[in-house]
1. Just to be sure I understand: of the beta bridges DSSP finds with both ends in the protein assembly as shown, what percent are antiparallel, rounded to 5?
2. Across segment B:12-227, how many lysine pairs separated by 8 or more positions, or lying on different chains, have Cα atoms within less than 24 Å?
3. Within 10 Å, count the other beta carbons around each residue, average over each peptide in B:700-712, A:25-37, and list them highest first.
4. May I ask for log10 I(q)/I(0) of the protein assembly as shown at q = 0.06, 0.08 Å⁻¹, from a Debye sum over the Cα atoms as equal point scatterers with solvent left out?
5. Who wins for biggest fluctuation among A:D202, A:D142, A:D231 in a Gaussian network model of chain A, springs between alpha carbons below 10 Å?
6. Determine the relative contact order of segment B:12-227: mean sequence separation of Cα pairs under 8 Å and six or more apart, normalised by residue count, in whole percent.
7. Which whole-Hz couplings ³J(HN,Hα) result when phi for each residue of segment B:62-68 is put into the Karplus expression 6.51 cos²θ - 1.76 cosθ + 1.60, θ = phi - 60°, listed in order with x for Gly and Pro?
8. For B:K298, give me every one of the lysines with a C-alpha distance below 24 angstrom, ignoring sequence neighbours fewer than eight places off in its own chain.
Amino acid sequence: MPMLHRPAAKPARPRRKPAGAPPPMAIAGANVELRLGDMLLTALPEGALWLGEAKTLIVSDLHFEKGSAYALRGQMLPPYDTHAALARLQALIERLAPEIVVSLGDSFHDGGGPARMAARDRALLQSMIARCDWVWVEGNHDGRAAETLGGAVRETLHIGALVLRHEPAEGPAPGEIAGHLHPCAKVSGRGRSVRRRCFATDGARLVMPAFGAFAGGLNVCDVAYAPIFADGVTALVLGKDRVLPVASERLLAD
Amino acid sequence: MDARVPVLPEPFAAWFASRGWTPRAHQLELVRRGQDGLSTLLIAPTGAGKTLAGFLPSLIELAPLAAQGPRRPHKLHTLYISPLKALTTDIARNLETPVREMKLNVRLETRTGDTPPHKRQRQRAHPPDILLTTPEQLCLLIASAHARVFFEDVQAVVIDEIHALAPTKRGDLLALALARLARWAPKHRRVGLSATVADEEGLARWLLGASSSPLEGRGPGGGMTPDASGHAPKRKRQTSRLTPSPSPSPRGEGAIVKAPPGAQPIVDVLDSDAQIPWAGHTARHAMPDVYEAVKRAKLALVFVNTRAQAELAFQELWRINDDALPIALHHGSLDVAQRRKVEAAMAAGALRAVVCTSTLDLGIDWGDVDLVIQIGAPKGCSRLVQRIGRANHRLDEPSRALLAPSNRFEVLECRCAQEAVMDGELDGEQRRVGGLDCLAQHIMGCACGEPFDADELYAEVVSTAPYADLPRAQFERAVDLVATGGYALRAYDRYRRIIQDPHTQRWRARNAGVAQQHRMNVGAIVESEMLDVRLAHRAGARPRAGASTSTGQPRPLIAGRKLGQIEEYFIEGLTPGDTFIFAGQVLRFVGQRETDALVVPAAGAENPSVPSYAGGKFPLSTFLADRVRHMLHEPKRQKTLPPQVREWIKLQKRRSTVPAPDQMLIETFPRGGKHYLVCYPFEGRLAQQTLGVLISRRLERAGKHPLGFLASEYAMAVWGLEPMGDVDLDALFDEDMLGDDLEAWLAESTLMKATFAKCAVIAGMIERNMPGAARKTGRQVTFSADLIYDVLRQYEPDHLLLQAAFADAGEGYLDLKRVGALLRRVKGKIVHRDLAHVSPFGAPVMMEVGRVGVQGEAEEAILADAEALIGEAMS
């Protein structure tokens, strides 16, 4: 029987090259606060970023109408993904009353998304757009498709020293906030593992989690992150009701 | 009944004689019934010439046709279906012998997933006389354009191992496919070949269809007629349409034929002198005795319940294998080539023992097995009988079996199983209600083949046993699920996968693309994500003395030889450096590369962790559990138990109590600063795990703050920091926990999500390769079934696929049906003992508690553990 006994937990070995010290950050209730450039960012458990000083709410990779994009090809995924993301977004807007809302690209799953949108979802989205300054950042999936719904379309957006764009630039880009990669973190313990969406940051730049209901994730240990975070990455993992920072050493590849 | 004396025609009679055989009564009975065009369920023990009996009528009919020479028309005469691909090949080989020796010129071919495309095309254009195939291939054929032409000449369908197929989702699909086939070949007869089962009539009904025209008469030899009364489906047809003729069904007067049972098997329970462990599943204490038994046998099959146990038993037997007996290992994770090698060695008589899992339960007979050893409790009688049947395929000699219990509760279970085998009793199977996901797949398959009329198809569907009670409204919802996803929000009406012809009202696939998509996804087997286990070595590494890498950088690992496959979830729980036993050796996990788990040999490593969980894969059967509860309360039946087990029960009586069979004992006691509540439902690990989750939730609400729980096959323990003795136990175990508590848990249960994912794949909502998805490309995972489950549950909780998943949860991972039955059973029958110490029955459970730690939904806790580290680093 001793053979059935799993050996006592040993310290996890590093999966990637040992990182420098994790960036300074603070756990504030359910949120995690960190400084990027000259701005204080608040990472919210919903997967959105709040810039309190600029009253700006940032979400990324909404992938509206992903369900209908699949239905078009014969896979009838539930047609509620757009509404589910909108409802979460609306709750955030009501709670935080932002002056600016930024959707950081891939707001629609494809260029045809806006045309397929159900009337009630379109009305809900437009009522939100009407309440604040709404910026669509161009994504690789949707380009300028969202333009027809109102709001402004930008390739990149500057807020103070921050640069907001959809695809992270290769090489160093201090102050950049990007999306596109759908970061996910995997940690294990107690004989099993958990995989969740996360913010990924090294203290100089940050990649946003996907906000869309059906958006999958790419593990932060994947090589795709190597040109962005040369010295390791800290994951701000989206827990059930709070954000949990997890250091490089604990992150597992898929 | 017919008084004709059945005579085997030539050249069959001569062939039997030339072999020195006399045809058996049940073989002749099948010939006679075949001549009359009657369907038959043949129930026969192993070694009774079952397969030959199934094929004889077809061969006799084909003999004169085949004499017409090679230019006779190609018509499919007999379709043979088996659950195992390997079995079709094996049966084809066995059948070729009589065909060749009698010079029958019968065309005989197999069709499986391995059959190359050009051969499939040829088979379609020029069908063989006899086609041996699997249920999945039958579904594929039905989903093809010219299915009717291909099947309309079929005279007989032979279904092998029907008892193993019928109670599964593959069985659902097969039953539906057979109903479709009956439309095209209305006169065909069916032959089901089955091992001994408890519910013969139920199986006959499955074979023939529930609403088949009333079957007259009662058959000979104890054969029972499936009774259609009370099973006539209540069909409401739309009045505006023509009433379709009910689906044709094979005739099957007195359909059951039973071969005489073989000699009574000799079953022994190992009565080892060694101390019988209180807990655990390795039976290591019994290995010397097992080894001695192997030594005395020619060839022993050593059955275990899990791959983990197989690995351990194999290691342990080799550790004491002083005579260097050839002992091999066989389980589902091993590389196919490795398994084939073991099978060939068995057949060649080169082995003395094979340690195996259920991979050798069914099908092919390799070699001359004369002893079956079951390590650990058998969990159910039917499986035990099946396994015992693997020994000695001669009817007149008894099979020999040895049961080796691995702990004290298992001694009771083995003893009860032994009694049941002697009494000729079997586990009662529950009648299976067909899955809605399988129904959806069938509907899509029909639309991809010959366009269907909804009324006709509904009549066909309810003519099958699994769907006999399907209401028309559910059928319509399933059609809608296939067409548009079946959502209340009619968002996808313009993307229909199947469309209705405005003139004929018949449904067909929208285009060739969706039909092709369907064919890629046929079947009810959804594998868990598997990783290849490969030996790794460093790039360019040479065992040169004194060679040191100049840079500190380790060279990259290169994946080498494949050892087999392992479930992804197991690897996910490992950290590089962990060791485990696999394929008979101790390995160290060094990392994962895409779909490979890289390992290096680690012979001599201490305490390797082991694949998979500690308990059994199959839960203790209800029937056997009931016998154990009774035995505990009847001192007379305990006389044959080993003294240490009798003493243990006596001690339990003195320190706590031994409950009556209809009662459930609950003990509460403090231990090591914690307070425990242990109950003993004897309902199997799955049901008790579900119970553990639900009871924990209730205790949380009662302010008891439980810290964890554990379920074994026999007991469930939950613990916390507060005393539990003052809880209202009747309220705690009230049946209403299956309401809101269950609902709340299902919302986040990973098991429920996994169940849903499988249903979604079978129903065609998610493509087969999707759930884990895109790992190989290294790009974004497209989506996961979990996200779909969350959204669907929130927005359309009564969606048909959620219903299907919930129905599966009732029987599968969560065993909800049994939890419900348990709660009803113990209502008002709870016996509580508030103790100062752990009781003798409780001790084994406590030992497991130390071993596995906290179970259940601990995701947030795992995240919090991971976070703790950064807390320190940040200070």
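1. On the way: 74 of 145 bridges.
Within the protein assembly as shown, antiparallel bridges account for around 50 percent of the total.
2. 9
3. Values: B:700-712: 18.0, A:25-37: 16.5.
Result, highest mean Cβ count within 10 Å first: B:700-712, A:25-37.
4. Scattering profile of the protein assembly as shown, log10 relative to I(0): -0.55, -0.99.
5. A:D231
6. Values: 301 pairs, mean separation 55.1, N = 216.
Once normalised by length, the contact order is 26 percent.
7. 6, 3, x, 5, 5, 5, 5
8. Here the lysines satisfying the reach criterion relative to B:K298 are B:K341.
Values quoted throughout were computed directly from the atomic coordinates according to the rules given, and no laboratory measurement underlies them. Owing to the predicted nature of the structure, the values given are computational and were not obtained by experimental measurement. Neighbour counts are summed over all protein chains in view; Cβ atoms, including those assigned to glycine, are modelled from backbone coordinates with ideal geometry.
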